[in-house]
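The values are calculated or read from the model by the stated rules, or taken from the named source; none is laboratory data. Keep in mind that what you see is a predicted model, and the values were worked out from it rather than measured. Backbone-built Cβ (ideal geometry, glycine too); neighbour counts: all protein chains shown. These area figures cover heavy atoms from the full protein model, side chains too; ligands, DNA and RNA do not enter into them. Shrake-Rupley method; radii C 1.70, N 1.55, O 1.52, S 1.80 Å.
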Amino acid sequence: RFQALQHRIVDMFIATEQARSMAIMASVGVQTEDRTARRRAVSMAKALIGQSGRQVGQQAVQLHGGMGVTDELIVSHYFKRLATINILWGDADHHLAQVSDGLLAAHRLRENGGHDAGGGGIGAGPRPDPRARRGTESAVA
């Protein structure tokens, strides 16, 4: 009868469990001595948790219809909180860029026989805010 809603709820449950598993994996990853591995683990977790939070929040609002965006239901408050968490300390896009730049830099390093060819990424120093690259205003003031 409400099979479409049940499928959405299952997708939300899967996204939540993936985010939880990634958080546990990151907490194990930060215990390593390698600074680059720690940063990679945290960035991968932050990216997946941010994406999962956005997906679950949007679906929860959709499941509740127009009432999902009102202050009368807790769903709207959770959705706002998930959006805020995603923005704090870099959004999912920022952390995906960090991970991909780190992988590219490692690949270039292997190709060049151990000589650094530049490229940034995790472990390569500070990186500008990705929202600035897109020409939009920073969401965190």
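For the reader, a short list of remarks on this structure follows.
- Counted residues, the stretch 4-27 - those being more than 19 Å from Q58 (Cα to Cα) and without any contact (Cβ under 8 Å) to a residue 12 or more places away in the chain: 3
- Within the stretch 34-43, considering residues that are assigned to a helix (DSSP H, G or I) and of a type outside the set (V, I, T), the one surrounded by the fewest Cβ atoms within 10 Å (Cβ to Cβ): R35
- For T70, the stated conditions do not hold, so it cannot be described as without any contact (Cβ under 8 Å) to a residue 24 or more places away in the chain, open to solvent by less than 60 Å² (accessible area, probe 1.4 Å), within 24 Å of L104 (Cα to Cα) and polar (S, T, N, Q).
- Restricting attention to the stretch 44-64, the residues that are open to solvent by 70 Å² or more (accessible area, probe 1.4 Å) and touching a Phe, Trp or Tyr at 6+ places or on another chain (Cβ under 8 Å) add up to 1.
- Evaluating Q31 against the criteria (1) within 27 Å of A105 (Cα to Cα); (2) part of a helix (DSSP H, G or I); (3) of a type outside the set (A, V, I, L, M); (4) free of Cβ contacts under 8 Å to residues at least 24 places away in the same chain leaves one unmet condition, (2).
- Only one of L48, L96, L109, L82 that is assigned to a helix (DSSP H, G or I), of a type in the set (A, V, I, L, M, F, W, C) and free of Cβ contacts under 8 Å to residues at least 24 places away in the same chain: L109
- Any hit, the stretch 75-88, residues being modelled with pLDDT of 85 or more, among the hydroxyl-bearing types (S, T, Y) and open to solvent by less than 50 Å² (accessible area, probe 1.4 Å): yes
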